[in-house]
1. By DSSP, what percent of the beta bridges with both residues in region 282-423 are antiparallel, rounded to the nearest 5?
2. What is the calculated FRET efficiency for Leu94 to Ile5, with r their C-beta to C-beta distance and R₀ = 22 Å, to the nearest 0.05?
3. Under unit Cβ charges (Lys, Arg +1; Asp, Glu -1), what dipole magnitude, rounded to 20 debye, does the chain have relative to its Cα centre?
4. Between Gln263 and Asn14, what is 0.36 nm times their sequence separation minus the Cα-Cα distance? Round to one decimal in nm.
5. Would you calculate a helix-derived [θ] at 222 nm for the chain, using -39,500 (n - 2.57) for each DSSP H run of n ≥ 4 and dividing by the full residue count, to the nearest 500?
6. Give me the distance between the Cα centres of region 121-148 and region 464-496, rounded to whole Å.
7. Taking a point 7 angstrom from the Cα of Ser501 along the C-beta vector, which residues in region 140-160 have backbone N less than 15 Å away?
8. Find the lysine pairs in region 3-273 meeting two conditions, Cα atoms under 21 Å apart and a separation of 8 or more places or different chains, and report how many there are.
Amino acid sequence: MSELIAKKTAEAINWHARALALSVEGRAFIGGEYCSSASGQTFATINPATRQALAEVADCGELDVNRAVMAARAAFDDGRWADLAPVVRKTIMLRFAALIREHSEELALLETLDTGKPISDSLAVDIAGSAYCIQWYAEVIDKVGGEVAPLASNLVGMVTREPLGVVAAVVPWNFPLLMASWKIAPALAAGNSVILKPSEKSPLTAIRIAALAQAAGLPDGVLQVLPGAGATGRMLAEHPDVDCIAFTGSTAVGKCIMQAAAQSNLKRVWLELGGKSPNIILADCPDIAGAASAAAGGVFYNQGEMCSAGSRVLVQREIYPQFIAALQAAAMAYTPGDPLDPATRMGAIVDQIQYDKVLAYIAAGKVEAEHLGGGDVVMGETGLFITPAIFNTAANTTIAREEIFGPVCSVIVFDTFDEAIQIANNSEYGLAAAVWTSNLTTAHTMAKKLRAGTVWINCYDEGGDMNLPFGGYKQSGNGRDKSLHALEKYTELKSTLIKLS
Ligand code: NAD
């Protein structure tokens, strides 16, 4: 769905009335059916815009994890999915994508209520992007094949890719369904069985799509959804019968997952982790107002809850006054509002823990840096809303080094090209970066020198297209989501050699 159509659709709907009428499923999905956790335990998921509970959700423990792994293993071993003709699997996944589109308003509403993000964004970005991702990998299934190796004439060497088996996908809360789709779509396309563990802060869309996958014809046992806290994810990482864990989340938890994999069965580990991305505005930037507007979007979109947030804005000294004025003006577009109002561009922070964390960073920033505005609590009696905060800071302060995952922008002034590169790369992270310049040589040279998985030139956060791999250098992770490269993560490579007579 284009953003314009999504906006028109969003405007035509009374979302508050829809929210009142919404029925919410909170149970796990194992072996083709919804079920409570074996212990009967639940946790509440909260709407951060109202601080009110939305639903009680199954808190899956060890028995549920074992049951889900057994169901996934059985489905994989009998080939009910992996052995279907590629064109059949493609048709089922295309139907799955179509059902997500058909239910996009319901899913967008669930996403907005669960995370606090604006409804227009849920519709145009999260849900539309999830359907597109599933469709994209569906279309790949009957297009990619293996290789025949160039061997001696009495030998035939085939190089083929096979599914890994049972894949656990553990995902975060900032783009709940989209991050889940970036894992489950390539994993299912490759023929695996999947166990999806959504974040305890935003489990509702993941739970809902299990039924849509089943309605599309995905055989029972091929996709389970296991809501729960971090402990549920840890049990999957430690499980000896899980073949791969694909994780998106914090660097700290990524390290725990790698350790758990090493200490259990050396399952394959794919990590998409944090970031503190530099957005470099050179004095010869072609359009200062445009760069400032993109910089504001780069750090304030989705309440700043973005792994790729351009939270370090590096500005060359000559244009600093002009740029800051434009950035402050652009930040006004992100004044928080009711997430169910289609005009809102900044919603609520996901929960009290994240809200307190962001406010603590803002308080620290006021001590260690020059506060240029924002970072105020608004509508505090209603929900968890913070206005976009801008600081002018040295490169070594806490707010300029640590991932905040909230609407906090650190502006750092630099003088030379080399200084910009040094500051930009002086980070444990390497997820994304951007450069604004009119000079082609400067653009290419900087892009090469930046240690980041994605480099944008004269734009920020462009690239919703599935053809572009996404992931990080250094402690931003390993492997890549999206593109054909992600498909490879969910396969083993096999060499088969045949000797002729
Ligand atoms: P998190 O690491 O706290 O949690 C992520 C998921 O891991 C959740 O489902 C959580 O329940 C689970 N988990 C927690 N402890 C676990 C453990 N010990 N073992 C296994 N699973 C465990 O991250 P979050 O707060 O949900 O998300 C924010 C982080 O995600 C940020 O650091 C952000 O940069 C990162 N992120 C990265 C990308 C990317 O593509 N690189 C995309 C989105 C978010």
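1. Here the share of antiparallel DSSP bridges comes out near 30 percent.
2. Given R0 = 22 Å and the Cβ-Cβ separation, E is 0.60.
3. Roughly 960 debye, rounded to the nearest 20.
4. Separation in residues times 0.36 nm, less the Cα-Cα distance, equals 84.5 nm.
5. -12000 deg cm²/dmol
6. Rounded to whole Å, the Cα centres lie 14 Å apart.
7. In region 140-160, the label zone of Ser501 (backbone N under 15 Å from the point 7 Å along Cα→Cβ) covers 153-156.
8. Total qualifying Lys-Lys pairs in region 3-273 comes to 15.
We did not get these values from a lab; they are worked out from the coordinates using the rules stated. Everything numeric here is computed off the predicted structure, so don't read it as measured data. Counting neighbours? That spans all protein chains shown, and the Cβs are built from the backbone with ideal geometry, glycine included.
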